[in-house]
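Student: Pasting in a structure now, in structure tokens, and then I'll have a few things to ask.
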Amino acid sequence: MDIAEVARRSGVPASTLRFYEEKGLIASVGRRGLRRLFNPGVLERLALVALGRSAGFSLDEIARMFAPDGRPRIDRRALAAKAEELDGTIRKLSAMRDGLRHAAVCPAPSHMECPTFRRLLGGAASGAIAGKAKRTALKGVAA
């Protein structure tokens, strides 16, 4: 299949396919004129990449999930760790959702007088402060 056919069938733009090839996520098998050619198995590989991206894995992490021969070699511990990370994200987002729903119907005269909203506000402020400290620390490491 040429790159246009892979793009059409997978829904992945040709520019992304070229980028994935640079990153080692997929490999073309040749060219027809200027167009890259791929084996039909590339569609399954792109589906695995899409699944990994949806789960929050980076492209580098996904690339490591393929053996040198191209076959999947998925680290089960990495999957379990990502599932735990997603559980934490779900808990945080659920708490945020619940706080926002409460704030939308809270009978307090002002949101700033609502204890639930104040807790939500405090959590957001501490998260922003912690996030800023983490970014600052990472900049120090990169320097």
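Quick grid of which residues meet (1) at pLDDT 90 or above; (2) touching a strand residue (DSSP E or B) at 6+ places or on another chain (Cβ under 7 Å):
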| residue | (1), (2) |
| --- | --- |
| Val42 | yes, no |
| Ala50 | yes, no |
| Leu59 | yes, no |
| Met65 | yes, yes |
| Asp69 | no, no |
| Ala125 | no, no |
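Student: Going by the conditions given, is Phe19 surrounded by fewer than 15 Cβ atoms within 10 Å (Cβ to Cβ), on the phi < 0 side of the Ramachandran plot, not hydroxyl-bearing (Ser, Thr, Tyr) and not assigned by TED's automatic domain parsing to the domain that holds Leu121?
Tutor: Values: surrounded by fewer than 15 Cβ atoms within 10 Å (Cβ to Cβ): yes; on the phi < 0 side of the Ramachandran plot: yes; not hydroxyl-bearing (Ser, Thr, Tyr): yes; not assigned by TED's automatic domain parsing to the domain that holds Leu121: yes.
The answer is yes for Phe19.
Student: Filter region 47-59 down to the residues that are surrounded by fewer than 11 Cβ atoms within 10 Å (Cβ to Cβ) and either over 19 Å from Gly11 (Cα atoms) or in contact (Cβ under 8 Å) with a residue 24 or more places away in the chain (or both) and list them by number.
Tutor: From region 47-59, those surrounded by fewer than 11 Cβ atoms within 10 Å (Cβ to Cβ) are 54, 58; that's our starting set.
If the condition is that a residue be surrounded by fewer than 11 Cβ atoms within 10 Å (Cβ to Cβ) and either over 19 Å from Gly11 (Cα atoms) or in contact (Cβ under 8 Å) with a residue 24 or more places away in the chain (or both), then Ser58 is the only one that fits.
Student: Just need a number here: residues in region 25-37 that are surrounded by fewer than 15 Cβ atoms within 10 Å (Cβ to Cβ) and closer than 21 Å to Pro72 by Cα.
Tutor: 2
The values are calculated or read from the model by the stated rules, or taken from the named source; none is laboratory data. These figures come from a predicted structure and were not determined experimentally. So basically every Cβ, Gly included, is an ideal-geometry build from the backbone, and we count neighbours across all protein chains shown.
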